[in-house]
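All remarks here apply to the structure that follows.
The values are calculated or read from the model by the stated rules, or taken from the named source; none is laboratory data. Only a predicted model underlies this, so the values are computations on that prediction, with no experimental measurement involved. Positions of Cβ are backbone-derived with ideal geometry, glycine not excepted, and every protein chain shown enters the neighbour counts. All accessible areas refer to the heavy atoms of the entire protein, side chains included, with ligands and DNA or RNA removed. Shrake-Rupley method; radii C 1.70, N 1.55, O 1.52, S 1.80 Å.
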Amino acid sequence: MLFKVRQPRLLLLTGLLALSFVFTAILAYQAQSAARSHRETADRTLQDYASFAATEFGVYAKQMLSGDVAELLFVPADQGLGAPSRYRNPWSPDTSEQRAPCTGTRVDSGYFFFRLEFRTSDMPLTRGCASEAVRAWVRDTVPKHAWHFLKADYATVFGGIVGRVGDEPRLIGFVVTRNDSGVAVGALGFVTKFKPFAEARFAYVMKNYPLLPPAIVGQTPNDSLLFVYVTDTTAHELYRSKNIFQSPYAYKTTLGGYGGFVVHTVLRPEAAQRLVIGGLPRSRLPLLVGLLALSAGLVLISVQQIRREYELGRLRADFISSISHELRTPLAQVRMFAETLLLGRVRTDEERQRSLRIIDQEARRLTHLVENVLQFSRSERQLTRLSLESTEIAGQVSEAIEAFAPIAQARRVTVQADLISGIVAPVDRSALRQTMLNLLDNAVKYGPASQTVAVGMAAEHGVVRITVDDQGPGIALAERERIWTPFYRLERDANSAVAGSGIGLAVVRELVTQHGGRVWAERAKSGGSRFVVEFPGATRPTSGSDALPASAPENVNT
């Protein structure tokens, strides 16, 4: 009933623990969600850095291309102002290169400078060599682009054109020339292979221009942080930086002008730690899963402990009920026969002796019960203290059997002892007596009436072994270890009329273990139960040697 009353409290505590686990799981999910959001934000930031680098590279590259095209086109004007130039004036009066024949390796020189007349499509002035296909492309392409710019009414018309002649992309840089009346009459320009021209400018940008914010990366070279790959719109490579990285932080952008080109930027993974303040957030999933598993384990352990506590409470309630029942029966007997004697209701001396015998038996049983409870209480509080002294074992066992004889006679049980005299072992005498009384009581209580309980003894290899056999139903193999647990009783015994507290065998194991010995249960030859107790340190000093023989014991019948 007590356990049933406490069941709602158990359910309430279990529910609270489950609710705390749910809250822990929610917090873990929120923490993981926040970490994931932080990571996604960091990834977007790094993607933006890759995009920023690609855009910056494209802007600087177009500036470099336009600047160098313009410098080549306006060399005469620059030199007229006295400014230094990286290039010779291609339109100077020197005609030495004009006289050189364009044959063999000079069919297509690095730069081909030209002057084109729009009206006649003639090239009256050239420097360098170009194939007829290149010349035809110039005659056809430059006027079209020049008239396009003229329609837009640009004051100064110059530009760059990228196109393919055969398998090679080429660049035309040109500036429109005008007569004294301001009318466009022709163009000055040059033709060169686009890839080497652009590649040199892209490399210069990569080396000298900041592609990522200097406030964050400082003076770190671009090629330590980025991999840049440039292609034209047909996927032909124009430039590739020297350090190649594999990273999810990449971006691609297409820029107009010069036939269009595509800039690919890939951010070095190690650079992410510098570009994101505080570094990339690490995944907290393993930690959160571990904490969640730990929380679940603690909840399960707590539930198990609560269940165990309530189970112990139920067992204690059963123990109180059982011990009360066991105490009530002998007390009732003692009171009844004491009243009979006090009121003088006995008619003969034989009846008087019988009443006194019963009072003595029940008093012994009460004493045995009380000693068991006290010993169990001391064991629970770890207050058991043994006083070991060399003791002749057979004598002590005989005294215990003699003390138990009145209780055995009440159930018409015969106790037969087969002991070896002269075996000495260091034991606590009261503990040995309590052990034997508990084992005998267990054998008498759970065995049939009029049975024979056999007490045996053996000694060898420094160990004395005491056995107690009954003729009861025996103990199943699966139950032979559980019977030593406090308050535990076999189901067949718990549902029977046999009273028991469930602490007798627990007291036996505790006392024997305190001696450094062993105790266990097995099947007896009679088919009942056999309880075996072993005490170490056994000797036989009376034989003149401490050695113990492995011979058959002497027979001492009690």
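In summary, strands (runs of 3 or more DSSP E) completely within segment 332-435 and bearing 2 or more residues that are under 54 Å from the mean Cα position of the chain (by Cα) occur at 424-427. Of all the criteria given as (1) out of contact with any strand residue (DSSP E or B) (no Cβ under 8 Å at 6 or more places or on another chain); (2) more than 21 Å from Arg274 (Cβ to Cβ), the one not satisfied by Gly58 is (1).
Would you confirm, using the coordinates I've provided, whether Phe74 is of a type outside the set (A, V, I, L, M), modelled with pLDDT of 80 or more and under 28 Å from Gly173 (Cα atoms)? So Phe74 fails the test. Looking across segment 179-223, just one residue is among the charged types (D, E, K, R) and surrounded by fewer than 11 Cβ atoms within 10 Å (Cβ to Cβ), and that is Asp180. Residues in segment 514-533 that are among the hydroxyl-bearing types (Ser, Thr, Tyr), open to solvent by 70 Å² or more (accessible area, probe 1.4 Å) and at pLDDT 90 or above: there are none.
When segment 435-454 is limited to residues that are of a type in the set (A, V, I, L, M) and open to solvent by 30 Å² or more (accessible area, probe 1.4 Å), the one that is modelled with the highest pLDDT turns out to be Ala454. Scanning segment 404-434 for residues that are open to solvent by less than 20 Å² (accessible area, probe 1.4 Å), within 17 Å of Val533 (Cα to Cα) and either modelled with pLDDT of 90 or more or not polar (S, T, N, Q) (or both) gives Ala417, Leu419, Ile420, Ile423, Ala425, Val427, Asp428, Ala431, Leu432.
Looking only at segment 82-118, filter to residues that are touching a strand residue (DSSP E or B) at 6+ places or on another chain (Cβ under 7 Å) and assigned to a loop (DSSP other than H, G, I, E, B); which one of those is modelled with the highest pLDDT?
Taking segment 82-118 first, the residues touching a strand residue (DSSP E or B) at 6+ places or on another chain (Cβ under 7 Å) are 90-91, 97-98, 110-118.
Then keep just the ones that are assigned to a loop (DSSP other than H, G, I, E, B); that gives 90-91, 110, 118.
Values: Pro90: 53, Trp91: 52, Gly110: 82, Phe118: 89.
Out of the qualifying residues, it is Phe118.
Among residues that are assigned to a loop (DSSP other than H, G, I, E, B) and more than 52 Å from the chain's Cα centre (by Cα), Gly472 is included.
Just checking, does segment 224-235 include any residue being in contact with a Lys or Arg (Cβ under 8 Å, 6 or more places away or on another chain), small (Gly, Ala, Ser) and open to solvent by 20 Å² or more (accessible area, probe 1.4 Å)? Looking for residues that are in contact with a Lys or Arg (Cβ under 8 Å, 6 or more places away or on another chain), small (Gly, Ala, Ser) and open to solvent by 20 Å² or more (accessible area, probe 1.4 Å), one finds at least one in segment 224-235, hence yes. Within segment 236-262, the set of residues being among the basic types (Lys, Arg) and surrounded by 14 or more Cβ atoms within 10 Å (Cβ to Cβ) comprises Arg240, Lys252.
Within segment 127-144, the residues that satisfy the criterion of being crowded, with 20+ Cβ neighbours inside 10 Å and not in a helix (DSSP H, G or I) are Arg127, Gly128, Cys129, Ala130. The set of residues from segment 455-469 being open to solvent by 50 Å² or more (accessible area, probe 1.4 Å) and not in a strand (DSSP E or B) comprises just one member, His461. Scanning segment 161-207 for residues that are touching a residue at least 60 places away in the same chain (Cβ under 8 Å) and among the basic types (Lys, Arg) yields a total of 2. Checking each residue of segment 534-549 against the condition of being closer than 26 Å to Ala449 by Cβ and either modelled with pLDDT of 85 or more or open to solvent by 50 Å² or more (accessible area, probe 1.4 Å) (or both) gives no match. Checked against the criterion of being open to solvent by 30 Å² or more (accessible area, probe 1.4 Å), over 25 Å from Pro124 (Cβ atoms), touching a residue at least 24 places away in the same chain (Cβ under 8 Å) and assigned to a strand (DSSP E or B), segment 151-160 contains not a single residue that satisfies it. When you go through Arg328, Arg347, Arg316 one by one, which is the residue that is within 30 Å of Leu13 (Cα to Cα) and either modelled with pLDDT of 80 or more or surrounded by fewer than 14 Cβ atoms within 10 Å (Cβ to Cβ) (or both)? Every option except Arg316 fails the conditions.
In the set (1) open to solvent by 70 Å² or more (accessible area, probe 1.4 Å); (2) charged (D, E, K, R); (3) at pLDDT 80 or above, Asp43 fails one condition alone, (1).
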